[in-house]
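So the structure is just underneath, and the comments pick up after that.
The values are calculated or read from the model by the stated rules, or taken from the named source; none is laboratory data. Just so we're clear, the structure is a prediction, and the values are computed from it rather than from any experiment. Cβ coordinates were reconstructed from backbone atoms using ideal geometry, including for glycine residues, and neighbour counts include every protein chain displayed.
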Amino acid sequence: MRAKRRRRRRLVRMAALAVCVLAVVAACGWVVKSGISMVVDAIETGNFSTIGNAPFKQGNGPPYVVAVDAGHGGQDLGAEGIYTEVNVTEATANALISLLEQDANYTAVRCRKSGEGMSVAGRAEAANKAGAELFLSIHANYDETGTASGFECFPQTAASETHEQSLRFARLLAAHMQAAGASLRGEAGVRYAFYEDDGSGGYTKVIQEESYEFDTNAQTFGVLEKTQCPAVLAEQCFLSSEADAAAFASDEGCKTVARTYYEAICEYFGTTPITG
């Protein structure tokens, strides 16, 4: 009789354990299903506002590791307008790195030295090896007609695991640049760049707005694809526009943009900017 009672208690305990395990599995499944459903819904509806507003997930910082990439370099001068693009990207990057180095909350990573060239893979590798938690590639635009102006930036696409935080950072950059006096291109200064097969062995660059229902397999800028942390490529102004160049490409203009980028970085990580 006692043996039967002991056997019964064991069965009851085993049944209770099984119920607990099933409950945990069901809960985890619901969380995963909900997360997938949120991303799928965003892609299907084109409404990415809920994705890109997620708060920063704390990593190892502070200090937070921020990689700064000055576009072009070496023999590659970039666009030639009122100013030369590589000079603008290096001046802005140098000023931004200086601000980050003065702030104890950050460790700045320079993806290439001023005056030197670097491959796309090399830039991404510098950021990845340093354990960067955020990556910013600095560029400037050019328009042959001289009529275009404004700021735009490009986050990683939905194919990237860090798309959500990349989009959030891009929105912050656009908002801060607008506050600094820049006009925003497109819908709100945040766009996607894709490279599509042109049918003859090459690729055509296609620009789409943030609300575009894009193919998640489309290729974007190589530096965004190869960087393992949230990454954004920013085009701070048009070097073919006198107003843009004066405000955001001159010596003082580059310092203004660097300060603006720095404050966007601070908002992203939730720190208070240093004064000055």
For this session: Determine, yes or no, whether Gly186 is surrounded by 15 or more Cβ atoms within 10 Å (Cβ to Cβ), without any contact (Cβ under 8 Å) to a residue 40 or more places away in the chain and out of contact with any His (no Cβ under 9 Å at 6 or more places or on another chain).
Result: yes
Exercise. If you go through region 227-241 one residue at a time, do you hit one that is surrounded by fewer than 17 Cβ atoms within 10 Å (Cβ to Cβ), out of contact with any Ser or Thr (no Cβ under 6 Å at 6 or more places or on another chain) and not polar (S, T, N, Q)?
Worked result: no
For this session: Give me the pairs, please: first residue somewhere in region 159-175 and more than 22 Å from Thr260 (Cβ to Cβ), second residue anywhere and of a type in the set (D, E, K, R), beta-carbon distance under 8 Å, and either six or more positions apart or on two chains.
Result: Ser160/Glu225
Problem set entry | Residue match in region 125-134 (condition: buried (at least 22 other Cβ atoms within 10 Å of the Cβ) and either free of Cβ contacts under 8 Å to residues at least 40 places away in the same chain or assigned to a strand (DSSP E or B) (or both)) | yes
Exercise. Before we move on, is Leu77 surrounded by fewer than 16 Cβ atoms within 10 Å (Cβ to Cβ), within 20 Å of Cys237 (Cα to Cα) and assigned by TED's automatic domain parsing to the domain that holds Val232?
Worked result: yes
Seminar exercise, completed: Of (1) touching a Leu at 6+ places or on another chain (Cβ under 6 Å); (2) part of a loop (DSSP other than H, G, I, E, B), Ala108 fails just (2)
Problem set entry | Filter result for Ala246 (buried (at least 17 other Cβ atoms within 10 Å of the Cβ) and of a type outside the set (Lys, Arg)) | no
Exercise. In region 85-113, how many residues are touching a Gly at 6+ places or on another chain (Cβ under 7 Å) and under 14 Å from Gly253 (Cβ atoms)?
Worked result: 2
